[in-house]
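Below you'll find the structure, written out as C-alpha cells, and then a few comments.
What follows draws every value from the coordinates through simple rules; no lab data is involved. Keep in mind it's a predicted model, so treat the numbers as computed, not measured. A quick note on method: Cβ atoms are made from the backbone with ideal geometry, for glycine too, and the neighbour counts reach across all protein chains shown.
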Amino acid sequence: MWVRGAAIRPVPPYAVVDRRVLDTIEDELAENGQRTKSDLDDAFGRFENTQPALAHEAAQVLARPLDQTALALGYFLTIAVWMAFDRAFGSRLAEVTEDELRAAESALTLEEELRAAHANEPLELDDVMAIEQPGVLGFINEHLEAALEPSDSREETREVDVDDVHTVYRTVLIMTLALSHAVGTASGARPREMLA
C-alpha cells in the first residue's frame with residue numbers, strides 16, 4: 001500500500017523489521033544487573049563504530065538540555081531501534097552516510113509539509129511511517145505514549161516537556177527511515193535510488 005503524493009519512498013519488504021525483534025531487545029534491556037550495563041555499553045560502542053553519522057546525530061540531539069523523560073526516551077529508543085536493525089539484518093545493513101541521513105531528514109520534512117498542506121487527507125506522518133515500518137513505529141509510539149502518561153504516584157508529579165519529546169521522536173523517525181534504506185537484499189545489493 002502506498003499513499004499518493006507522499007515524499008517518503010517505500011521501504012523494500014526485505015528491510016521491514018519484525019516487531020518481535022524489538023520486543024526481544026526490550027526484554028534484554030529491561031534485565032537488571034551489571035552484565036546488562038556492560039552489554040549496553042558494548043552496543044553503544046558498536047553503534048558508534050558501525051553507524052558514525054547516526055551516532056553523531058543522536059549524540060548532538062541528546063547533548064541538548066532536554067527534559068529528563070525525553071532524554072531517557074531518546075537514549076532508549078535510539079539504541080533499541082539501531083539494535084533491531086542490526087540484529088534483523090546483520091551484514092545486510094550498510095553504514096548510513098551523512099548524505100543519506102540528510103536525505104532521510106529532508107524526506108521527513110517534506111512529508112510533514114505535504115501532510116500539513118493536505119490536512120483534509122486522513123493520513124498523517126505517523127500513518128505513512130507506520131505503513132513502511134509498522135513494527136518499529138508501534139514500538140516507538142508505545143514508548144512515546146508511556147513517557148507522556150501522567151505519573152501514577154501521588155507523591156511525584158512530573159511535567160514532561162512535550163517539545164523535547166517531539167525532538168527525540170523526530171530524530172528516531174529520521175534514524176528509522178535512514179536505516180530502512182540502508183538494508184541490502186539477501187545478495188547484499190542496495191537500491192540505487194535511496195530516498196526522494
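General observations
- Stretching the chain fully between R64 and E159 yields a gain of 32.4 nm (0.36 nm per residue, less the alpha carbon separation).
- With a cut-off of 9 Å between beta carbons, the residues surrounding H56 carry a summed charge of -3, where Lys and Arg count +1 and Asp and Glu -1.
- FRET efficiency, D27 to A116 (Cβ-Cβ, R0 41 Å, nearest 0.05): 0.65
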